[in-house]
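Notes to accompany the following structure.
The values are calculated or read from the model by the stated rules, or taken from the named source; none is laboratory data. If you're wondering where the values come from, they're calculated on a predicted model, not measured in any experiment. All Cβ positions, glycine included, derive from the backbone under ideal geometry; neighbour counts span all protein chains shown. All accessible areas refer to the heavy atoms of the entire protein, side chains included, with ligands and DNA or RNA removed. Shrake-Rupley method; radii C 1.70, N 1.55, O 1.52, S 1.80 Å.
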Amino acid sequence: MAQYDYDLFVIGGGSGGVRAARLAGGMGKRVAVAEEYRYGGTCVIRGCVPKKLFVYASQFSEHFEDSAGFGWTVGETSFDWSVLIENKDREIDRLEKAYRSGLDGANVTIIDARAELADRHTINLSTGETVTAERILIAVGGKPRLHDSLPGGEHCISSNEAFHLNSLPKSILIEGGGYIAVEFANIFHGLGVDTTLLYRGPEILKNFDIDMRHGLVEAMQAKGINIVLNETMTKIDKRGDGQLEVKFTGGTSVIVGEVMLAIGRVANTQGLGLDNAGVEMSKSGAITVDEFSRTNIDNIWAIGDVTDRVQLTPVAIHEAICFIETVFKDNPTKPDHETVATAVFSQPEIGTVGLSEDDASKVYDALEIYRASFRPMRHTLSGRQEKMIMKLVVDAKSRVVVGAHVLGPDAGEMAQVLGVALKARLTKDAFDQTMALHPSAAEELVTMYQPTYRISKGERVGG
Ligand code: FAD
């Protein structure tokens, strides 16, 4: 008789947990996964997927406007939030079922319960049952950070609630400077909501390339999104009419229908029983792992957002695959967190891979910067003034392209393909030798033959 109930017990049925459980189940291992909310996790239920559906919804207002220059007359338009929510919920239900059937097909035991560690091999379930496992994989993800010390903070929503609002507010204030705050500001604005983005620092998207940041802020302001920098909220009062009055550090205030916090995410490690098993955490509450995703307890592993490495769905899935290779296939594999392509689904969109100009200038002595800023063809007839920006950051010595950044329509799609070129460490010469695809916006990426300027030991030269 086996010593444990399971070979592998996975806590958390999100991107990372489901992939690991399915792969191990497919190998004939005895696997169970516990999920306390809904299978698919943050990405499917209240992250990437519903967000992208909202992004699509929010883009129609500009499409309607732009169509006039191409000869179209669009009749009176109106937007029904409840239709969007209903259709989005139907799609999410479909995806959740697909996740469940994928697990089922791999003979994984699906447990709808919260799981907590009782010791290094024992898990207590919220159903009252206790199970044991030889190995445990923690993939519990994270949740939105709240603003506990803010008077009136209980009136704020987070991205979780934004997906289920009963009605669309007339106005919203979003606090945060990361991609989630920026994306939601664009979503709400596109849906016709009077939108303010509030950030305590001097610049939003601080880890992105400077041209992407500046270009996006300019475009967002031009379309009417109010961006307030170097300010925070000091108090929120709910008024008799249900509106929220928000006071700022600078002494000013605004009245809005909703306040959304997008001020970061915290690991879901509270009440997980990590102490019972002796699993170590960082100061921020994330689980500490080695380069193979193993915790300090040798039969317990952790992947995905809970480890606070690179918090993206494909990264959680990649870490799951590496975990399976390492643990069940006798092929120790470290997750590779270098050169990860990513996007900000703002309007215009940012697509980026590799190092920003600032980060590259800390690593390389000499850089060549190739930069183009132009009005894309589709905006010549639409009349929209929005600029597209493309930028390649090249190590002058090796000629390797170490960063590629695009602001404009379909930038995310371009970043995925640029990711292959950067991962392969292709040189600028390979870009130059590549024939342009005409007419496209992306052709600019292979026709920037002369550097716009150079950077030598961190200082800009010429251009
Ligand atoms: P999760 O997907 O969060 O899954 C963890 C699961 O564990 C959850 O379902 C949770 O309910 C469950 N759980 C927690 N504690 C327990 C417990 N004790 N017992 C049982 N179950 C438990 N990434 C991208 O790549 N692209 C994007 O465009 C993108 N957009 C995003 C937009 C938003 C608004 C948010 C919030 C995130 C977005 N992300 C995006 C990030 C992405 O969703 C996460 O990186 C990814 O979901 C992490 O996967 P995970 O497996 O680590 O955790």
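Remarks
- Boolean, ILE350 is surrounded by fewer than 20 Cβ atoms within 10 Å (Cβ to Cβ), hydrophobic (A, V, I, L, M, F, W, C), in contact with a Gly (Cβ under 9 Å, 6 or more places away or on another chain) and touching a residue at least 24 places away in the same chain (Cβ under 8 Å): no
- Tally of residues being within 6 Å of the ligand (Cβ to nearest atom), in a helix (DSSP H, G or I) and either over 18 Å from the mean Cα position of the chain (by Cα) or at negative phi (or both) across the stretch 7-54: 7
- Cβ-Cβ distances below 6 Å connect the following pairs, each with a first residue in the stretch 133-160 that is farther than 21 Å from SER171 by Cα and more than 10 Å from the ligand (Cβ to nearest atom), a second residue that is aromatic (Phe, Trp, Tyr) and open to solvent by 20 Å² or more (accessible area, probe 1.4 Å), and a separation of six or more residues or different chains: ALA133/TYR4; ALA133/TYR6; GLU134/TYR4.
- Any hit, the stretch 356-377, residues being open to solvent by 20 Å² or more (accessible area, probe 1.4 Å) and at positive phi: no
- Of the strands (runs of 3 or more DSSP E) contained entirely in the stretch 128-175, those carrying at least 1 residues that are surrounded by fewer than 18 Cβ atoms within 10 Å (Cβ to Cβ) and of a type in the set (Asp, Glu) fall at 130-138.
- Residues that are in contact (Cβ under 8 Å) with a residue 60 or more places away in the chain and not aromatic (Phe, Trp, Tyr) were ranked within the stretch 175-184; the one that is nearest to the ligand (Cβ to nearest atom) is ILE180.
- If you go through the stretch 55-65 and keep only what is more than 16 Å from the ligand (Cβ to nearest atom) and among the aromatic types (Phe, Trp, Tyr), you end up with PHE60, PHE64.
- Residue in the stretch 52-63 that is more than 16 Å from LEU191 (Cα to Cα), at pLDDT 95 or above, surrounded by fewer than 18 Cβ atoms within 10 Å (Cβ to Cβ) and not charged (D, E, K, R) present: no
Each row is one residue, and each column tells you yes or no for (1) of a type in the set (Val, Ile, Thr); (2) open to solvent by 20 Å² or more (accessible area, probe 1.4 Å); (3) at pLDDT 95 or above.
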residue	(1), (2), (3)
GLY224	no, yes, yes
ILE227	yes, yes, yes
LYS235	no, yes, yes
GLN243	no, yes, yes
THR249	yes, yes, no
VAL259	yes, no, yes
ASP275	no, yes, yes
VAL289	yes, yes, yes
PHE292	no, yes, yes
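- Of the strands (runs of 3 or more DSSP E) lying entirely inside the stretch 349-463, those carrying at least 1 residues that are of a type in the set (Val, Ile, Thr) and in contact with a helix residue (DSSP H, G or I) (Cβ under 9 Å, 6 or more places away or on another chain) are 350-354, 366-374, 388-395, 401-407, 453-456.
- On the stretch given as the stretch 16-49, residues that are among the small types (Gly, Ala, Ser), crowded, with 24+ Cβ neighbours inside 10 Å and farther than 17 Å from ARG94 by Cβ total 7.
- Per-region count, the stretch 111-121, residues within 14 Å of the ligand (Cβ to nearest atom) and either over 17 Å from GLY285 (Cβ atoms) or open to solvent by 60 Å² or more (accessible area, probe 1.4 Å) (or both): 7
- Any chance ASN124 is modelled with pLDDT of 95 or more, on the phi > 0 side of the Ramachandran plot and either part of a strand (DSSP E or B) or open to solvent by 70 Å² or more (accessible area, probe 1.4 Å) (or both): no
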